[in-house]
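Below is one structure, written out as structure tokens; the observations come after it.
The values are calculated or read from the model by the stated rules, or taken from the named source; none is laboratory data. What you are looking at is a predicted structure, and each value in this text was computed from that prediction instead of being measured. Don't worry about glycine lacking a Cβ; one is built from the backbone with ideal geometry, like all the others, and counts go over all protein chains shown.
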Amino acid sequence: MTFNIMHTDEDPLSPEFEARRAEARKRLDSLDPAINAPVDLTPDPLRRAWFEAVYATAAGDPAQVPWANLSPHPLTQNWVNGQLRGMEGLRTLDVGCGLGDNAECFAAAGAKVTAFDLVPEAIAWAKRRFPDSTVDYQTGNLFELPDVWHQAFDLIHECYTLQALDVSMVPKALAQLASLLAPGGKLFIIARARAEDEVISGPPWPLPPSFLEVARQAGLVPLMVEDIIATSNVARRHWRALLARA
Ligand SMILES: C[S@@+](CC[C@H](N)C(=O)[O-])C[C@H]1O[C@@H](n2cnc3c(N)ncnc32)[C@H](O)[C@@H]1O
């Protein structure tokens, strides 16, 4: 692939960036099988083709990757900053890492980070952005991960990947994540939140409060759950939760 546009130090809050993002959203929504009737995810339940198209058609422009803000999620960064006991050497996994900003935030705090994404181009792009990174970036599917990752992590961070899955897949995804945690390991979740009875038309599919019960069935016990209302730097209601392997 050739990259004809270089957007290296651009401010994601600039009007130019926002305009390109708005255009890209329209274009990407028109391609998304979960949005366009008739909705049928049977041929591609993970929407892999759509995720691949996001990164390929962006052609190096992060404004065209709807979730890429070129910095760690503020709720993640703020949590990492508050870890007074430090994260040195913590075996950490970032799920659906996209362009790598969250993975880098954990690495900067001293964690030993592995980060994976379904889309090879996302991984290649993250590596291009962070050529000197200590993060081990890998292509991988949450539902088909290497056996050596079983119980291999002290901390798993997932930001916006559960909500990108069709709701029917969330229980299996949580069970997968639980199986990757070492005894005493913790799963840290950042996701958009909704009321249990709120009608949604994803993607994304914000998580209802009952996701905690689903997590419990997967062997994950809540240590901290924050229901965060929209603020100036987090535009919509969110969950920030820390769950431990029972
Ligand atoms: C909404 S984006 C969030 C990206 C990143 N976590 C962030 O916060 O910027 C979801 C990411 O998960 C990846 N993804 C989707 N399904 C996946 C799966 N089954 N396994 C691994 N990654 C997946 C997508 O390619 C995409 O990069």
>> Please go through segment 34-56 and give me each residue that is among the hydroxyl-bearing types (Ser, Thr, Tyr) and touching a residue at least 60 places away in the same chain (Cβ under 8 Å), ordered by number.
In response: Tyr55
>> Checking the conditions here, which among Ala63, Ala58 is closer than 22 Å to Ala191 by Cα and either β-branched (Val, Ile, Thr) or crowded, with 18+ Cβ neighbours inside 10 Å (or both)?
In response: Ala63
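Table: residues versus (1) of a type in the set (Lys, Arg); (2) surrounded by 13 or more Cβ atoms within 10 Å (Cβ to Cβ); (3) within 17 Å of the chain's Cα centre (by Cα).
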{"residue": "Trp125", "(1), (2), (3)": "no, yes, yes"}
{"residue": "Arg128", "(1), (2), (3)": "yes, no, no"}
{"residue": "Pro131", "(1), (2), (3)": "no, no, no"}
{"residue": "Thr134", "(1), (2), (3)": "no, yes, no"}
{"residue": "Gly140", "(1), (2), (3)": "no, yes, yes"}
{"residue": "Asp147", "(1), (2), (3)": "no, no, no"}
{"residue": "His150", "(1), (2), (3)": "no, no, no"}
{"residue": "Ile156", "(1), (2), (3)": "no, yes, yes"}
{"residue": "Cys159", "(1), (2), (3)": "no, yes, yes"}
> Among the candidates Pro208, Pro171, which residue alone is touching a residue at least 24 places away in the same chain (Cβ under 8 Å) and not assigned by TED's automatic domain parsing to the domain that holds Ser30?
Replying inline: Pro171
> Hey, among the residues in segment 55-66 that are in a loop (DSSP other than H, G, I, E, B) and within 15 Å of the ligand (Cβ to nearest atom), which one's nearest to Gly140 (Cα to Cα)?
Replying inline: Val65
>> Are there strands (runs of 3 or more DSSP E) fully within segment 135-197 with at least 1 residues that are touching a His at 6+ places or on another chain (Cβ under 7 Å)? List them.
In response: 153-159, 181-192
>> I'm checking my understanding of the structure. Among residues of segment 67-109 that are part of a strand (DSSP E or B) and either over 19 Å from Leu180 (Cβ atoms) or of a type outside the set (Ser, Thr, Tyr) (or both), which one is farthest from the ligand (Cβ to nearest atom)?
In response: Arg91
>> Please verify whether Thr139 is touching a helix residue (DSSP H, G or I) at 6+ places or on another chain (Cβ under 7 Å) and more than 13 Å from the ligand (Cβ to nearest atom), treating the condition exactly as stated.
In response: no
> Looking at segment 26-38, is at least one residue under 16 Å from the mean Cα position of the chain (by Cα), not polar (S, T, N, Q) and not in a helix (DSSP H, G or I)?
Replying inline: no
> Could you give every pair whose Cβ atoms fall below 8 Å, whose first residue belongs to segment 105-129 and is in the same structural domain as Glu52 (by TED's automatic domain parsing), and whose second residue is crowded, with 21+ Cβ neighbours inside 10 Å, counting only separations of at least 6 or pairs across chains?
Replying inline: none
